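All remarks here apply to the structure that follows.
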Amino acid sequence: MSAAARTDWRTRAQDWLPKLVLAPSLAVTLLFVYGFILFTVVLSFTGSRMLPRYDFVGFTNYAKLFALEHWWTAIGNIAIFATLYIGICTAIGLVLAIFLDQKIRGEGVLRPIYLYPMALSFIVTGTAWKWFLDPGIGLERTMHLWGWESFSFTWIKDSEMAIYTIVIAAVWQTSGFVMAMFLAGLRGIDNEILKAAQIDGASGFALYRRIVIPILRPAFLSAFVILFHLAIKSYDLVIALTGGGPGRATELPATFMYSYTFTRNQMGIGASSAVIMLMTIAAIMVPYLYAELKERR
Amino acid sequence: MAVASQDNAVQTGRAARVFVYLVLLLFALFYLLPLYVMGVNSVKPLEEITGGRMMSLPETFTLAPWASAWSTAQIGVEPTGLRPYFINSLLMVVPAVAISTVIGALNGYVLTKWRFRGDTIIFALMLFGCFIPFQIVLIPMALVLGKLGLAGSVPGLVLVHVVYGIGFTTLYYRNYYAAFPTELVRAAMIDGAGFFQIFWRIMLPVSGPITVVSVIWQFTNIWNDFLFGASFGGTSQPMTVALNNLVQSSTGVKEYNVHFAGAILAALPTLIVYVVAGRYFVRGLMAGSVKG
């Protein structure tokens with residue numbers, strides 16, 4: 001029966017075709033993500049300098065890394081940056097979302113204004129803010145011309161304060177996006193819950209604190225995860241805004257890795273810093289993705 | 001916006017409402033200020049900027065900084081302007097977006113409508129790949145691109161962006177197709193429709209909204225990428241790297257007006273995409289990937 005044989009062949013083809021379609025993506029992921037991770041981990045245990053070498057040196061690179069003052073500067077900076085960036089973006093995003101949700105006239109105009117910075121590259125953002133914050137021509141100079149002679153804003157030239165200028169620019173870029181996430185959460189809340197709470201006498205601030213914000217917990221979690229991984233990956237903004245300076249005052253792990261690997265020819269140390277970065281992100285992302293995927297099944 | 005304004009507003013007094021509007025307007029100013037500053041200063045002669053009047057409208061209006069940024073400004077060592085880099089970026093972004101979106105759609109289709117043992121693990125592996133710090137792949141990627149003969153070329157950058165983009169596109173299509181009734185796919189199978197027929201006739205016609213999301217996301221990310229462009233761009237550097245070279249150049253007078261014109265040129269494609277299709281993007285993003 002040739003017809004039956006053909007159907008049988010077709011059925012079997014339908015069975016492996018989906019897997020065949022998915023196979024290249026899986027292969028590419030295994031090679032370019034996991035293979036490459038493995039390779040970098042291996043390199044971090046070798047004495048590689050300008051080019052990869054396979055002379056294993058144990059944890060020497062990690063020991064060297066954590067003895068470097070630059071690395072500790074980078075760690076200190078990422079701690080300051082990530083904390084403020086995540087905290088301020090979340091606060092601004094939440095306030096703007098709640099305020100926009102008060103039947104605001106012109107919401108349709110305001111929302112895109114809050115959101116557009118997210119469409120720009122960090123290089124553009126950095127260029128704009130670098131100039132705006134430059135005391136010689138930017139904000140400080142303008143204030144002087146407007147008659148406020150004692151106004152001083154020199155953070156970008158000050159190695160103690162320069163990291164905060166990166167926070168300002170990064171918050172400018174991302175807080176509108178966080179607003180959109182919270183706004184979507186707010187709009188998804190069942191009206192009946194709010195009405196019931198209002199009948200029970202909760203109003204204004206208390207209503208938000210006791211009812212609305214707890215309901216928004218998933219939005220908080222998503223915002224945190226997205227902001228956290230953006231913070232660890234931050235590279236372009238520092239390059240464009242301060243170039244890691246003044247001196248090395250605004251070095252982050254991402255810029256540290258790049259300069260040690262490609263400029264200073266310390267590939268082993270660069271690789272070990274990349275491994276530390278990956279582990280930091282994995283510590284947050286793996287449990288989050290696990291919970292998300294398990295829940296959806 | 002799909003999420004229509006609801007009756008969530010809390011009864012508030014007049015003073016409170018004024019406060020709310022005031023805060024919202026102040027933030028609107030905060031977000032608009034850098035764009036305004038870049039805009040007005042890109043059409044001023046340099047003397048007006050160094051004079052310090054950054055907030056004022058130009059006294060003499062000139063498009064010379066734009067012309068210079070586009071075709072004659074010094075980028076690195078060559079006085080080529082940003083034009084060749086703009087073209088590099090276009091040549092890189094179009095194929096990279098198209099390929100990664102098609103692959104993402106097929107993957108999402110398989111992962112939701114042709115499920116098999118272990119498919120969630122495969123998806124999880126791909127998804128984690130979206131969030132890795134790319135520093136972890138820079139060194140091996142440089143070696144592999146060199147081995148393939150793709151180092152410093154546009155095809156090399158396309159490959160890199162496709163490889164690290166399919167995780168996101170797969171995520172979008174998977175979440176979107178998951179909400180599509182599987183019964184329809186089953187019915188088509190019983191009627192004898194094959195794998196690609198079902199994809200073509202049933203899934204693709206409903207994929208408009210998520211395709212908008214995927215294309216905008218990929219376009220924005222790839223156009224705005226700096227790390228891969230700076231690491232693997234070689235002689236085919238994209239726009240972001242060229243802009244950075246223009247702005248950071250330490251030789252000669254800093255032509256701020258040219259820098260701003262260049263920055264706006266670099267931002268223009270994503271801004272246009274955002275203005276034209278941003279609403280659909282936010283709508284789709286909220287419905288799809290970000291639970292909240």
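The values are calculated or read from the model by the stated rules, or taken from the named source; none is laboratory data. Computed from a prediction, not measured in an experiment: that's the story for all the values here. Cβ sites come from the backbone with ideal geometry, for glycine too, and all protein chains shown count toward neighbours.
For the range B:143-182, give me each residue that is β-branched (V, I, T) and without any contact (Cβ under 8 Å) to a residue 12 or more places away in the chain.
B:V144, B:V163, listed by residue number.
Yes or no, residue by residue, for (1) under 30 Å from A:P135 (Cβ atoms); (2) among the β-branched types (V, I, T); (3) crowded, with 23+ Cβ neighbours inside 10 Å:
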site	(1), (2), (3)
A:H229	no, no, no
A:A240	yes, no, yes
A:A249	yes, no, no
A:L252	yes, no, yes
A:T261	no, yes, yes
A:N265	no, no, no
A:S272	no, no, yes
A:A283	no, no, no
A:Y288	no, no, no
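Please enumerate the residues belonging to the range B:145-169 that are among the polar types (S, T, N, Q) and more than 18 Å from B:R283 (Cα to Cα).
In the first step, residues of the range B:145-169 are kept if they are among the polar types (S, T, N, Q); the result is B:153, B:169.
Hit for the range B:145-169 is B:S153, nothing else.
Could you run through the range B:2-44 and say how many residues are modelled with pLDDT of 85 or more and part of a loop (DSSP other than H, G, I, E, B)?
Residues that pass the stated criteria total 3.
For B:N224, work out the one condition from (1) modelled with pLDDT under 90; (2) of a type in the set (S, T, N, Q); (3) more than 22 Å from B:T120 (Cα to Cα) it doesn't fulfil.
(1)
Please work out which one of (1) surrounded by fewer than 19 Cβ atoms within 10 Å (Cβ to Cβ); (2) at pLDDT 85 or above; (3) touching a helix residue (DSSP H, G or I) at 6+ places or on another chain (Cβ under 7 Å) is the condition B:A277 fails and give its number.
(2)
Please state which one of A:R105, A:R141 is of a type in the set (K, R), out of contact with any Lys or Arg (no Cβ under 8 Å at 6 or more places or on another chain) and not in a helix (DSSP H, G or I).
A:R105
So which residues in the range B:191-237 are within 12 Å of chain A (Cβ to nearest Cβ), surrounded by fewer than 22 Cβ atoms within 10 Å (Cβ to Cβ) and without any contact (Cβ under 8 Å) to a residue 24 or more places away in the chain?
Passing the criteria: B:G192, B:A193, B:G194, B:F196, B:Q197, B:A230.
What's the total number of residues in the range B:115-133 that are assigned to a loop (DSSP other than H, G, I, E, B) and buried (at least 20 other Cβ atoms within 10 Å of the Cβ)?
Of the residues in the range B:115-133, the ones assigned to a loop (DSSP other than H, G, I, E, B) are B:115-118, B:132-133.
Still in the list and also buried (at least 20 other Cβ atoms within 10 Å of the Cβ): B:132-133.
Adding up the residues that qualify gives 2.
At least 1 residues that are under 20 Å from A:F122 (Cα atoms), of a type in the set (A, V, I, L, M, F, W, C) and in contact (Cβ under 8 Å) with a residue 60 or more places away in the chain in each: list the helices (runs of 4 or more DSSP H) lying fully within the range A:167-273 that qualify.
A:217-233, A:236-241, A:253-258
Could you say which residue among B:T235, B:T182, B:T251, B:T211 is of a type in the set (S, T, Y) and either touching an Asp or Glu at 6+ places or on another chain (Cβ under 6 Å) or at pLDDT 90 or above (or both)? Steps first, answer last, please.
Working: B:T235 fails: either touching an Asp or Glu at 6+ places or on another chain (Cβ under 6 Å) or at pLDDT 90 or above (or both); B:T182 fails: either touching an Asp or Glu at 6+ places or on another chain (Cβ under 6 Å) or at pLDDT 90 or above (or both); B:T251 fails: either touching an Asp or Glu at 6+ places or on another chain (Cβ under 6 Å) or at pLDDT 90 or above (or both).
None of the other options fit; the residue is B:T211.
Return the residue satisfying two criteria in turn: it lies in the range A:81-123 and is at the interface with another protein chain (Cβ under 7 Å from one of its Cβ atoms) and among the small types (G, A, S), and of such residues it is surrounded by the most Cβ atoms within 10 Å (Cβ to Cβ).
Per the criteria, the residue is A:S121.
Before we move on, is B:L111 touching an Asp or Glu at 6+ places or on another chain (Cβ under 9 Å) and either within 8 Å of chain A (Cβ to nearest Cβ) or without any contact (Cβ under 8 Å) to a residue 40 or more places away in the chain (or both)?
So B:L111 passes the test.
If you check B:M54, B:M38, which single one turns out to be out of contact with any Asp or Glu (no Cβ under 7 Å at 6 or more places or on another chain), without any contact (Cβ under 8 Å) to a residue 40 or more places away in the chain, crowded, with 19+ Cβ neighbours inside 10 Å and on the phi < 0 side of the Ramachandran plot?
Result: B:M54 is the single residue among B:M54, B:M38 that is out of contact with any Asp or Glu (no Cβ under 7 Å at 6 or more places or on another chain), without any contact (Cβ under 8 Å) to a residue 40 or more places away in the chain, crowded, with 19+ Cβ neighbours inside 10 Å and on the phi < 0 side of the Ramachandran plot.
Taking the residues in the range A:237-258 that are within 21 Å of B:N224 (Cα to Cα) and small (G, A, S) as candidates, determine which candidate is nearest to the chain's Cα centre (by Cα).
A:A254
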